[in-house]
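Working notes, structure below.
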There are 2 protein chains.
Amino acid sequence: MTYRYPNGKIYSPVEKEKDPAKKRSNPLYSNRGMTLEEDLNETNEFYLHRGIAVVHKKPTPVQIVNVDYPRRSAAVIKEAYFKQSSTTDYNGIYKGRYLDFEAKETKNPSSFPLQNFHEHQITHMKQVLAQDGICFVILSAFGKIFLLPASHLIGFWERKENGGRKSITKAEIEEHAILIPLGFSPRIHYINVLDALYFN
Amino acid sequence: MTYRYPNGKIYSPVEKEKDPAKKRSNPLYSNRGMTLEEDLNETNEFYLHRGIAVVHKKPTPVQIVNVDYPRRSAAVIKEAYFKQSSTTDYNGIYKGRYLDFEAKETKNPSSFPLQNFHEHQITHMKQVLAQDGICFVILSAFGKIFLLPASHLIGFWERKENGGRKSITKAEIEEHAILIPLGFSPRIHYINVLDALYFN
């Protein structure tokens, strides 16, 4: 839906958004009130409360530099910086198996840029796969949500490292990723996809 | 080693320590330069680099209230608060199995106070056990390091909830927990204990 100021100029919520966690860059998310992260958190709560799986988002890593301890009240962090994570954002357990994933979105209409990931995360995914964990990424792209197994992401990453293209094409995503239909509850029912891929 | 000021007074680094993560309350740790958390981080790095297991400490959960975005430089968090975690601090994967644990220390010479844990964490441990995860606590107490399976901790917690004692006695720890001998590298070789308990 488009809102206009009284002067006719189109209101753009993106311009006013300062919290990077609330970015709504994807067409799928720009038209709804929720972010990919919020949808996944709701999905994980749904799984948790029904006893289906235990998956949590890790807290944002922060380097704390200065903390104030006022008397009789809680400590206040006065200076801190965002740190780069050395792992993925989500992990947990489903039917005894270790789950590990990252969620990313793009507004690019034709490909998924690999700069959404960093070297540490790819290394982490390889380590998880070596321990026989279930590892994947949830991608919000082209107005849809996909689950791409980490093995494929690693393949595309290595193509880039070897001088190949810096993104995954839309056709490649459609070939190797599995579409997760958006639902009401849970919103992003990725466990369904895992059942089909890993538990049969 | 004891350091003295020129006036002969003994220098105590504990008095100057303000960072709660660096507390050295346990006799085992008060005599060494490392904290339980540092020993576990080193142990987990050892496991990671040798391809033995992938275990990470989760970042400290922080509620970010105010962030400054100075031009051309990194965002500075100007106001934030420590949040209570809804899970345990450590999780990961070993030989395909999901691992989940919390590490706590006490200086109490005769028992381990249950107030070191909170309700959320006990609930989380039950959820992990229900998914067939390996869940435990690493306790630094009485000058030693122990691994106590979560099932026992939950038992002691429920005794407290039913009006029983608010701690685990030293004798109970010695009966139900497994001693982890302190080593050089890795420092706290808890995987050895898991091998004996869960992988044979």
Legend entry - Derived scalar couplings ³J(HN,Hα) [region A:164-175; Karplus, 6.51 cos²θ - 1.76 cosθ + 1.60; whole Hz; x for Gly, Pro]: x, 5, 8, 8, 9, 6, 4, 5, 5, 4, 5, 7
Legend entry - Average partner coverage of B:80-88, which counts Cβ from other chains inside 10 Å: 3
Inset, instruction - Return the long-range amide H neighbours of A:LYS78 (sequence gap of 5 or more, or a different chain), with a cut-off of under 5 Å between placed amide H atoms. - result: A:ASN66, A:VAL67, A:ASP68
Legend entry - 3J(HN,Hα) from dihedral phi, region B:185-192, Karplus parametrisation 6.51/-1.76/1.60, rounded to Hz, x for glycine, proline: 7, x, 5, 10, 7, 5, 4, 3
Legend entry - Other-chain or far-sequence residues with amide H under 5 Å of A:THR60's (modelled H): B:VAL62
Legend entry - Position A:HIS118, label points 7 Å along Cα→Cβ, spacing to each other copy in nm (shortest first, one decimal): 2.9
Inset, instruction - Starting from a label point 7 Å past Cα on the Cβ side, list the distances from A:GLU175 to the same position in the other copies, nm, shortest first. - result: 6.3
Legend entry - Accessible area buried between chains B and A, both sides summed, probe 1.4 Å, in Å² to nearest 100: 3100
Legend entry - Largest to smallest principal axis extent of the C-alpha atoms in region B:161-200, angstrom: 41, 25, 16
Legend entry - Calculated label separations, A:LYS83, copies of the chain, 7 Å along the beta-carbon direction, nm: 1.7
Legend entry - Derived scalar couplings ³J(HN,Hα) [region B:37-49; Karplus, 6.51 cos²θ - 1.76 cosθ + 1.60; whole Hz; x for Gly, Pro]: 4, 5, 4, 5, 4, 5, 4, 5, 5, 4, 4, 5, 5
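From the C-alpha coordinates alone, can you work out the Kirkwood hydrodynamic radius of region A:75-196, in Å? If you can, show how the numbers build up before the last one.
Details: mean 1/r = 0.0646 Å⁻¹.
One decimal place: 15.5 Å for the Kirkwood radius.
Take the Cα radius of gyration of region B:131-200 and divide it by 2.2 N^0.38 Å, with N its residue count; two decimals is plenty. Numbers along the way, then the final one.
Details: Rg = 13.2 Å, N = 70, 2.2 N^0.38 = 11.1 Å.
Against the empirical 2.2 N^0.38 Å value, I get 1.19 for region B:131-200.
Normalised by the number of residues in region A:113-189, what is the relative contact order in percent for Cα pairs under 8 Å and 6+ residues apart? If you can, show how the numbers build up before the last one.
Numbers: 75 pairs, mean separation 22.8, N = 77.
Across region A:113-189, relative contact order equals 30 percent.
The values are calculated or read from the model by the stated rules, or taken from the named source; none is laboratory data. In this text the structure is predicted, and so the values were computed from the model without any measurement. Positions of Cβ are backbone-derived with ideal geometry, glycine not excepted, and every protein chain shown enters the neighbour counts. To get the accessible areas, we keep the full protein, side chains included, count just its heavy atoms, and leave off ligands, DNA and RNA. Shrake-Rupley method; radii C 1.70, N 1.55, O 1.52, S 1.80 Å.
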